[in-house]
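Below is one structure, written out as structure tokens; the observations come after it.
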Amino acid sequence: MNVTPSRHRQSRAERLVAAALVASIVGCANSERRPLIDELQVTSTGQYFLQGQAVSGENLTRQLKKLRAGSQSFELAIRADSRAKSESVEGAVNAVREAGISRVSFTTSESAK
């Protein structure tokens, strides 16, 4: 079988896809060193969603502790709907503090559940 090299030049999009694929493979190999980032959503009605699953305010600290238990470098992103009451956001922050999570980022969104 005779194989001739392709004269096809890669487009910019093809190069970006290839670079992203290599980065994801390298990222998988280095996943032990990268922090695990989970998301806590606070809705406009005061509901909490942890990784997309509804969690009651009473169980939030316990669920956060469970998530944190599996990682030395745990990070949490709190995404609150811009219409959420301050009491709901404060409840999330208190639960995070009680769970012993220190690496936290905050964002607001119009599209939280």
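Placing dummy labels 7 Å off each Cα toward the beta-carbon, the span from SER56 to GLU39 is 2.6 nm.
The local environment of LYS65, defined by Cβ-Cβ distances under 13 Å, has a net charge of +2 under the rule Lys, Arg +1 and Asp, Glu -1.
At a 10 Å Cβ-Cβ cut-off, how would you order VAL93, VAL42, fewest neighbours first? Mind showing how you got there, number by number?
On the way: VAL93 16, VAL42 25.
Ascending Cβ contact count within 10 Å gives the list VAL93, VAL42.
None of the figures in this text is laboratory data; all of them are computed from the coordinates on show. Predicted model only: the values in this text are computed from it and were never measured. Every residue, glycine as well, gets a Cβ built from its backbone with ideal geometry; the counts of neighbours run over all protein chains shown.
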